[in-house]
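Have a look at the structure below, then the notes.
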């Protein structure tokens with residue numbers, strides 16, 4: 001049963017999405033923007049590794065590729081949690097929401 005569940009596992013993204021992200025990362029516009037913003041060229045190696053791991057999983061069902069892909073996605077999600085939102089989310093509307101704006 002556990003083997004069946006492992007075989008049924010699918011990556012969070014399609015393999016072509018990893019390749020598309022890699023190509024975007026290597027593109028002139030992205031390189032220019034990243035260099036202008038951060039002063040360094042972007043590191044695109046992780047997208048390439050994720051693409052190859054995804055292909056390995058799809059073609060050979062290698063557990064090492066699956067584990068590496070899951071670890072990479074978890075790390076990417078953790079990085080997103082580090083950024084605080086720009087706006088504070090409201091729990092309720094303002095008290096005077098029904099009044100005219102002028």
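Only the coordinates and a few stated rules stand behind these numbers; no lab work does. Please read all numbers here as calculations on a predicted model, not as lab measurements. Note: ideal-geometry Cβ built from the backbone for every residue, glycine included; neighbour counts use all protein chains shown.
What the table below lists for this structure:
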read-out: Degrees, to the nearest 10: 28-38 long Cα axis against longest axis of the chain; value: 60
read-out: For segment 15-71, diffusion coefficient by Stokes-Einstein and Kirkwood Rh (Cα), 25 °C, 0.890 mPa s, µm²/s; value: 203
read-out: Among 22-31, 87-96, the order from most to least packed when residues are scored by Cβ within 10 Å on average; value: 22-31, 87-96
read-out: Degrees, to the nearest 10: 15-26 long Cα axis against longest axis of the chain; value: 70
read-out: Net length gained if the chain between residue 14 and residue 61 were fully extended (0.36 nm per residue, minus Cα distance); value: 15.4 nm
read-out: Nearest-ten-degree value, helix 63-81 long axis tilted from longest Cα axis of the chain; value: 10
read-out: Contact order relative to length of the chain, as percent, for alpha carbon pairs under 8 angstrom and 6 or more apart; value: 22
read-out: Relative packing of peptides 66-73, 77-84 - highest average C-beta neighbours within 10 Å first; value: 66-73, 77-84
read-out: Taking only Cα atoms of the chain, radius of gyration then Dmax in Å; value: 20.5, 65
